[in-house]
Structure formats: C-alpha cells, structure tokens
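The values are calculated or read from the model by the stated rules, or taken from the named source; none is laboratory data. Remember, predicted model here, so these are calculated numbers, not experimental data. Quick reminder, even Gly has a Cβ in these numbers, built from the backbone with ideal geometry, and neighbours come from all protein chains shown.
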Amino acid sequence: MFCGRRTVLAAALGLAAGCARSGPPTSVAPALVPPSPSQSPSPSPSPSLSPSPSLSSSVAAPSREEVIARYAGQRPTRWGTDLPGVVAEVPDGALALTFDACGGPGGDGYDAALIDTLRRHRVPATLFLNARWIDANPGPFGDLAADPLFELGNHGTAHRPLSVTGRSAYGIAGTADAAAAYGEVADNAAKLSALLGRPPRWFRSGTAHYDEVAVRIVGELGERVAGFAVNGDGGATFTAEQVARTVGAAPPGAVVISHFNHPDAGTGRGYAQALPRLLDAGRRFVRLSD
C-alpha cells in the first residue's frame, strides 16, 4: 500500500457530497459526437489485474435465492473503504482514473467539459454509473457507451453503502441485509447488461463503503469492487486548484476517484490543469480492466 494512503483517505469525508450536493439542478449537456477510431486509446502494455474466479469461471452465477441463503446469517466484523478484496491499486505504476455519476436529487448533471478533456488528451477512464443517472441521461449514456476510451462500471441501483446490516456512511443508510445488498448490485448490473450487451466487470457502492460480507456478495455476481487510493475532488467539493494539486500528486499505481455528475464543480477545470502536466511527465493511464 502507499505510505500516504491513510492521509489521502481522510479526504473521503467529501465523498457523499458528490452525490447529494444541494443547489439548482444542472442542465444535461447534449450528447457529444463519438470519437473517430483514431481517438481510441492504444492497448495498454501492462498486465491485467488478476480476475476473480467469478470473472474467469464458466460456471453459471448462483441464483438470487442461493446467494441470499448463503449470506443471510453472516455477521460482518469490518466496515469502511479499505477492505480485503477492494481494489485501490493498479500494476506497473499506471494511474486509473475513475469517475462516479451518482444520480438522484442534485446528482443528475453531466460534466461534458470534463469528458471532453479526457477525450482531447486520449486519457482512458472507468466511469461508474448509478441507475438513477442512467435513467436521467439517456443521450450522454449512449454517447459514453459507444466510446472505447471509457469502461462503464456499476455504481448501484439506489446509491447506498453496501452492507448486510444496514450500516450507514455520511448519514446515508446502507443496504439492510443480504437480499438488499444483492439487489443494489444485481438490479443495476441487469440494467447495464441490457443496455451494453455485456455485464459490467466492476462495482463501486454509494459512498464507497462496504462490509466484508457485502464484498463477497459482489464477487458472487461476477464483479470486482473498486476502491480508491486518492480522492481527487473531495466528493466534487474541491476547487479547481485543489483538484489539480491532488490529482497531480497521485502516486504511481493509484486508483483515483472523482465525479462527473457536477459540471458546476471544480473537477473538470482541475483535470484540465492536471492532465497535461501528468502526460508531460510521462504518466500512463489505464481503465480498471486494462
């Protein structure tokens, strides 16, 4: 783990704000023109993250009833953002930029300028989409889904911390039991699978909090849990200068979390400052599945 990770994780107090900020609703930008094939990122030379057994196995996934019965009586002992099975690093010194779109009141916006910055610099990223955001943004969703620069991940159905006991984070109640945890993951996975023609490979819960039983439930559904080592925009509360400074200082191998559902925040302008500097320094970017 990174020596400064605990300090960076202290900034996680702003995570919930990225999905529940108050203020006037933001307008949805028109769909961007999909990039030409020449804009597609070059294949990454780095080795893939080792897939979990559920991703590589040809055995059919267990049914809802089987999973609920298997985990209904289990009591977790751990809670937080940094648990075994939660991926916060990538190989070979690359950076993995991840952006959440949380949906719901105050969270349905679309930062088209940020996405345009990533495209202009040909920087790949993993985008985590909540079911509510997908429903509110069919045009941007289709545009992002068609762009090979981006990998789309599962950000849950109702944007809840993933728990089997109802434990909360930042005042947001977690899923109440194993059945609710299963639904939070599986229902949005089904939505994404139907729209994309393939299942998502990665999951991040609302607030990025989990207990260890819930992490295992995600694995049963064939997805891996994405954590983070650097909180790039403080839940969309940082100024552009803070974003540029934080992202610019990300250590090699870090998974960086930010948001692309708040076009009024400093996130997009901060990345517009940070990315050219990082690229000039020779930093390399990957999607989580690269």
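Inside the range 75-106, residues that are at pLDDT 95 or above, within 21 Å of Gly266 (Cβ to Cβ) and assigned to a loop (DSSP other than H, G, I, E, B) make up a count of 2.
Return a yes/no flag: does the range 234-254 have any residue that is in contact with a His (Cβ under 9 Å, 6 or more places away or on another chain), at pLDDT 95 or above and farther than 30 Å from Gly282 by Cα. No. When we screen Asn261, Asn188 for residues that are at pLDDT 95 or above, within 16 Å of the chain's Cα centre (by Cα), surrounded by 21 or more Cβ atoms within 10 Å (Cβ to Cβ) and assigned to a loop (DSSP other than H, G, I, E, B), the only hit is Asn261. Is it the case that some residue within the range 240-251 is of a type outside the set (Lys, Arg) and under 22 Å from Ala146 (Cα atoms)? No, the range 240-251 has no match at all. Residue pairs whose Cβ atoms lie under 6 Å apart, sitting 6 or more positions apart in sequence or on different chains, and linking a residue in the range 216-234 that is in a loop (DSSP other than H, G, I, E, B) to a partner that is among the basic types (Lys, Arg), are Ala229/Arg5.
Taken together, Thr98, Thr77, Thr126 contain a single residue that is hydroxyl-bearing (Ser, Thr, Tyr) and more than 21 Å from Pro200 (Cβ to Cβ), which is Thr77. Annotation: of all residues in the range 114-169 being polar (S, T, N, Q) and in a loop (DSSP other than H, G, I, E, B), the one that is surrounded by the fewest Cβ atoms within 10 Å (Cβ to Cβ) is Ser168. Of the residues screened, Ala189 is one that is in contact (Cβ under 8 Å) with a residue 12 or more places away in the chain and in contact with a strand residue (DSSP E or B) (Cβ under 9 Å, 6 or more places away or on another chain). The numbered conditions (1) part of a loop (DSSP other than H, G, I, E, B); (2) closer than 18 Å to Phe128 by Cβ; (3) of a type in the set (Gly, Ala, Ser) are all true for Gly282 except (2).
Among the criteria (1) touching a residue at least 40 places away in the same chain (Cβ under 8 Å); (2) touching a Gly at 6+ places or on another chain (Cβ under 8 Å); (3) among the aliphatic types (A, V, I, L, M); (4) more than 23 Å from Thr81 (Cα to Cα), the one Ala272 does not fulfil is (2). Residue check: Ala249 meets all listed conditions (1) touching a residue at least 24 places away in the same chain (Cβ under 8 Å); (2) out of contact with any helix residue (DSSP H, G or I) (no Cβ under 7 Å at 6 or more places or on another chain) but one, namely (1).
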